[in-house]
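The values are calculated or read from the model by the stated rules, or taken from the named source; none is laboratory data. Here the structure is a predicted model, which means the values were calculated and not measured. As a convention, Cβ positions derive from the backbone with ideal geometry for all residues, glycine included, and neighbour counts pool all protein chains shown. To get the accessible areas, we keep the full protein, side chains included, count just its heavy atoms, and leave off ligands, DNA and RNA. Shrake-Rupley method; radii C 1.70, N 1.55, O 1.52, S 1.80 Å.
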Amino acid sequence: MHINTKHLLPACLLCCGVAAALTACSSEDSLTPDFKNPSANFMPAADDQSAEAQLRRQFFTETGSYLLFNDTIQRQLLGTDINGQQRYFIETIDLTYSVGQSGTMTSSYSFTLLQTQEQKQQATDFMRQYVLPHLTGRLRPYSWFLCNVITSYANNNSAPSKPYSVSNQRCIAVAGNFLIQRERTDTQKEQYAQRILNGVVGQLATNNSSAFGDFYKYSASYYSVDYSRLGFDSRPSQTDLYRLGFLSSTAISTFPSMTTDLSVYALLVIQYTDEQLATQYGSYPIILEKAAVVRRVLKELGYVF
């Protein structure tokens, strides 16, 4: 058999080149990803043995959520500028940010902090006894930021407000001034805890939105759709919204988004029993069915009613 060596030589050279490349790669050090676990920023420094640091570590061990008393979670010295001034990289808990968000948030926030260890312990004990027992399993938030006062500034220049709590995907801020102003009864503490839960359950449900597929099916063809595309000349009446399975709509020209719809229903089911919902919405079966799904899924995720 005759072999054509004219075509064999380039092929041999190619094989040698590939082998050399493989040999070079294998002789080099393997690449190591440059990744720093952000969770470290939510824990006290390893050498911090203060009462606050020990309280935060104990809280994480017991609950699986990080505990903060300051919205600054990272402060690193970068060096000095041309004027000799020290420059820092500072990261804070930005409650206006969420992963994948589009558009501009409608509020910004400022905080006053708890000042004494006694206040911090008091706020933490309240959370342990009155709030955390309702949030187990997958509904436990990533972190809590306990402060004194939260002030919310709306971008529309309206007067500032002071919410009980504010939440995003990685942190829930809770104002403790109601507790530290004066002694509160157990009933008052339970009522305050319910106000906090009312403010956070929508975000916690949204954090687990993939679990609510059965809920979204009811209104999938309406979410964020223009009213006019579905035959409405203007904003639907409240009766029309109920009939379609929506509890409300604040949008001028569109039906609620998936996130808004889930948040509204999550708040509804932790505020009212099934019997109360049947009394109020008995003429609107879609509402009752959607509420039943949300209640079931919240229980599966770990909400304790």
Check the range 141-160 and report whether any residue there is under 20 Å from GLN271 (Cα atoms), open to solvent by less than 70 Å² (accessible area, probe 1.4 Å), of a type in the set (A, V, I, L, M) and under 21 Å from the mean Cα position of the chain (by Cα). no
One residue is enough: does the range 54-72 have a residue meeting the conditions modelled with pLDDT under 60 and open to solvent by 60 Å² or more (accessible area, probe 1.4 Å)? no
Let me spell it out: the conditions are (1) under 19 Å from VAL293 (Cα atoms); (2) under 28 Å from the mean Cα position of the chain (by Cα), and GLY199 meets all of them except one. Which number is the exception? (1)
Meets criteria (at pLDDT 85 or above and either in a strand (DSSP E or B) or not acidic (Asp, Glu) (or both)) for SER110: yes
Condition check: in contact with a strand residue (DSSP E or B) (Cβ under 6 Å, 6 or more places away or on another chain), touching a residue at least 40 places away in the same chain (Cβ under 8 Å) and not acidic (Asp, Glu). Does ILE150 satisfy that? yes
Sort out for me the strands (runs of 3 or more DSSP E) sitting completely within the range 137-186 that have 1 or more residues that are farther than 15 Å from GLY199 by Cβ. 143-147, 149-154
Lone qualifier among ILE90, ILE82, ILE150 - being at pLDDT 95 or above and over 22 Å from GLY302 (Cα atoms): ILE150
